[in-house]
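Here's the structure, in structure tokens; my notes come after.
The values are calculated or read from the model by the stated rules, or taken from the named source; none is laboratory data. Computed from a predicted model, the values in this text were never measured in an experiment. So basically every Cβ, Gly included, is an ideal-geometry build from the backbone, and we count neighbours across all protein chains shown.
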Amino acid sequence: MGMKKNSVDLDAADIDRVIEMAWEDRTSFDAIERQFGLSEKQVIALMRKEMKASSFKMWRKRVQSRDTKHDRLKDSTGSRFKSDQQRSITLNKISKRNK
């Protein structure tokens, strides 16, 4: 077993990145743990310490309702929203459409 990192071991840039990832809907706590070695509990403690109380409460309310914050709860079908225009996009250019 590897040693768990403590948020104290992270530099300011890493802390900023963890906070950014924690706010992203599609970034799971598992992904943060793989990259930074912080457990979900440690991420929550870091967010509590680094954010204003009102922002922390808003974040906690937000992530508690998100299945995407936990890899094991993500939709296993892999289905995601796909724009009607997406099929027309090739190599980052919208191809000409027949009207």
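Would you point out the residue of region 62-75, among those that are without any contact (Cβ under 8 Å) to a residue 24 or more places away in the chain and assigned to a loop (DSSP other than H, G, I, E, B), that is surrounded by the most Cβ atoms within 10 Å (Cβ to Cβ)?
Filtering first and then ranking leaves Asp75.
Which members of region 29-54 meet the condition of being in a helix (DSSP H, G or I) and exposed (fewer than 13 other Cβ atoms within 10 Å of the Cβ)?
Arg34, Lys41, Lys49, Ala53, Ser54
Can you give me the number of residues within region 34-61 that are among the charged types (D, E, K, R) and either touching a Lys or Arg at 6+ places or on another chain (Cβ under 9 Å) or touching a residue at least 60 places away in the same chain (Cβ under 8 Å) (or both)?
3
State the number of residues belonging to region 27-48 that are farther than 20 Å from Asp71 by Cα and at pLDDT below 95.
0
When residues of region 1-26 are filtered for being assigned to a helix (DSSP H, G or I) and modelled with pLDDT under 85, how many remain?
So the answer is 3.
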